Amino acid sequence: TNVTPPHSTIRPGFPVPVNTNNPEVRRAARFGVYRYNNSSNDLFLFKESQIQKAMVQIVRGLKYMLHVEIKRTTCEKRDHPSLDSCHFQREKKLQQTLRCYFEVWITPWTHKVHIPVAHCH
């Protein structure tokens, strides 16, 4: 699939702000969430609840720098459902919100996604 630059004034090497509702930004955030879920010991899957800030930089592909809020869902990891069908926890003692910073590097022509940075707290 072709990834069109999400902003017309992008120049290689310069990170620029990009709309947090941009479909490619949302897709990049989901990749960050997958990375978090794969590395966490939590029984439940987390899902992005809000993308607070997004930047994109052209560097042999598109590198997204994302500040994302993620929340615990009702889906257990062992069930491996689609995150789209997972709802956020309603039970007070199981609710958890984390603030994350993801760097998601997408090279469309190789169909590769690399996530060098995924910090959540």
Dipole magnitude of segment 16-120 about its Cα centre (Cβ charges: Lys, Arg +1; Asp, Glu -1), debye to nearest 20 | 80
Counting other Cβ atoms within 10 Å of each Cβ, which trypsin sites (Lys or Arg not before Pro) in segment 78-121 have at most 11 and sit in a DSSP loop?
-> R90
Sparse-neighbour loop sites [GluC sites (Glu not before Pro); segment 31-121; at most 13 other C-beta within 10 Å; DSSP] = E91
Of H121, V25, W105, which is farthest on the positive side of the dipole of the chain, counting Cα position, with +1 on Lys and Arg Cβ, -1 on Asp and Glu Cβ, and the Cα centre as origin?
-> H121
Overall Cα dimensions of the chain - principal axes, largest extent first, Å = 46, 26, 22
Excluding same-chain residues fewer than 8 positions from K93, which lysines have a Cα within less than 21 Å of its Cα?
-> K47, K71, K77
Whole-Hz Karplus couplings 3J(HN,Hα) for segment 45-56, θ = phi - 60° and coefficients 6.51, -1.76, 1.60, Gly and Pro as x, run 7, 9, 9, 5, 10, 7, 9, 7, 8, 9, 10, 9
Taking Cα atoms, the helix 23-39 axis meets the longest principal axis of the chain at an angle in degrees (rounded to 10) of 50
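Every number here is computed from the coordinates shown, using simple stated rules; none is lab data. The structure presented is a predicted model; accordingly, all values stated were derived computationally and were not measured. Here the Cβ is made from the backbone with ideal geometry for all residues, glycine too, and neighbour counts use every protein chain on show.
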